[in-house]
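Take a look at the structure set out below.
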Amino acid sequence: MRIAIMGAGGVGGFLGGKLAFAGGDVVFVARGEHLEALRTQGLRVVGAEKFTVSPIAVSDQPQAFGHVDAVLFCVKLYDTESAAAQLEPLLADHTVVVTLQNGVESRQRIGSVIGEERVLAGAAYFPASINAPGEITFKGPIPGKPLVEVGDGQGDSSQRVKQLIQELQNAGIAAAVSDDANLMLWEKFCWIAGVSGVTAVTRQPIGIVRADPDMRSLFAGCVRECAAVGRAAGVRLDAVLEERLMGLLESNPAEGKSSLLVDLERGRALELDGLSGAVHRLGQNYHVPTPVTSAVYAALKPFRSGDTARSSAKRP
C-alpha cells in the first residue's frame, strides 16, 4: 500500500517514520526547514522510541509522487483548506484521505475541497512534536488507547481502511477501526480541548495542572462544557465520560505538554479556533453555556497568530 503523509510534524512524522522504518512505501509532504532537514539527513525519532530513517521520499510538491492509496492528513487545523487544495495530484479514484487532526470539523472542511465521500475521520492518541528540523519527539501512547483509530468507511473505502490498519499494525503501530467515527472524534475532542486549553492558558505541564485544585477544576470545567456541547449536537457521549477523562489526566506523564502549549512556547500560530474556540462557537450554536472554555479561549486569543519576534523559523 502506497501511503502519503500530508504534514510531517509530530503525528505525521512519527507515523510515517514508523511505516518507512518497517519498509513501507511512504512519501512525505513537508515544507520549510523541516523539509530541508528531511531531504539531507532523513527522519529521526527520539523520546519513548528511537530510530532514524534515511533516505526518505519527501517534497513540498505533491505532484512529485503521483497517485497513492491512502493519505494520512496531519497538518495543523489552520492549514486545513490550503493543504487539502494540494491533494489532487495524490488522488486516484480509490484513494482515501484519513484526517488525524485535532477537533471535530476536519472531515467536513477537507471534504468541502476534495469531496467528502473520500475523507474518513481518524484519531491519533499520542503526544509528539517537532523537536528540531528533521527530528520528532515521541512521548509514548495514551494509556488504554491504540495509537491510531480510523472510522470505518463504506464499500470500497471500508476495504481500504482495513488495508491501512493492517499496514499500520505491520509497522508496529497499534491501530483499530471505529464503528462510530463521530463518537470517536468527540471523546478525543473533550480530552484535547480540555488539556490543551488548560495547559496553554496556565503555561504548565499536566503534572502541575493535576496537582493544583484550582487548575484541576479548570480542566474539569472545560471537559464538562465540551461534553455538554457534544450531547446537544446529538453525540452519544456516555454519562461517565467526564470521570474517565479525569482519570486520564491522572495517568498521563507529569511532564506532558499539549501541542497547543508547545506551539505557544515556541511563538507559533495556535490551533485555538478549532479547539477551545470551537467549543465556544458550537456552544453558542446549540445554546449551551461554556463560561470556563470561553474564558480560556479569550485569554489565548492574543497569541493565536503566533509571535514572530520569538519564532525565527517558518512553521514546518
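Results, tabulated for the structure shown:
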| item | result |
| --- | --- |
| Residue check, ALA57 within 21 Å of ALA269 (Cα to Cα) and either of a type in the set (Gly, Ala, Ser) or in the same structural domain as ALA193 (by TED's automatic domain parsing) (or both) | no |
| Condition met for GLN159 (loosely packed, with under 15 Cβ neighbours inside 10 Å, under 30 Å from HIS94 (Cβ atoms) and either among the aliphatic types (A, V, I, L, M) or out of contact with any strand residue (DSSP E or B) (no Cβ under 9 Å at 6 or more places or on another chain) (or both)) | yes |
| Strands (runs of 3 or more DSSP E) enclosed by the range 88-136 - at least 3 residues per element that are at pLDDT below 95 and farther than 16 Å from GLU187 by Cβ | 128-132 |
| In the range 124-156, the residues that are surrounded by fewer than 21 Cβ atoms within 10 Å (Cβ to Cβ), more than 15 Å from the chain's Cα centre (by Cα) and not hydrophobic (A, V, I, L, M, F, W, C) | ASN131, PRO133, GLU135, PRO143, GLY144, ASP152, GLN154, GLY155, ASP156 |
| Matching residues, the range 84-103, being surrounded by fewer than 20 Cβ atoms within 10 Å (Cβ to Cβ) and either within 20 Å of ASP60 (Cβ to Cβ) or β-branched (Val, Ile, Thr) (or both) | ALA85, GLN86, GLU88, PRO89, LEU91, THR95 |
| Long-range neighbours under 9 Å by Cβ, at least six apart or interchain, first residue surrounded by 15 or more Cβ atoms within 10 Å (Cβ to Cβ) within the range 46-57, second hydroxyl-bearing (Ser, Thr, Tyr) and assigned to a loop (DSSP other than H, G, I, E, B) | none |
| Count of residues meeting criterion [modelled with pLDDT of 95 or more and either within 14 Å of GLN63 (Cα to Cα) or not in a strand (DSSP E or B) (or both)] in the range 23-32 | 6 |
| Members of the range 209-223 found to be in contact (Cβ under 8 Å) with a residue 24 or more places away in the chain and out of contact with any Lys or Arg (no Cβ under 9 Å at 6 or more places or on another chain), listed by number | LEU218, ALA220, GLY221, CYS222, VAL223 |
| Hits in the range 17-39 - residues which are farther than 22 Å from GLU81 by Cβ and free of Cβ contacts under 8 Å to residues at least 60 places away in the same chain | ALA20, GLY23, ASP25, VAL26, ARG39 |
| VAL150 being assigned to a strand (DSSP E or B) and either modelled with pLDDT under 95 or hydrophobic (A, V, I, L, M, F, W, C) (or both) | yes |
| Test result for ASP79, within 20 Å of ARG160 (Cα to Cα) and either out of contact with any strand residue (DSSP E or B) (no Cβ under 8 Å at 6 or more places or on another chain) or not in a loop (DSSP other than H, G, I, E, B) (or both) | no |
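The values are calculated or read from the model by the stated rules, or taken from the named source; none is laboratory data. Small disclaimer: the values here were computed from a predicted structure and weren't measured. Note: ideal-geometry Cβ built from the backbone for every residue, glycine included; neighbour counts use all protein chains shown.
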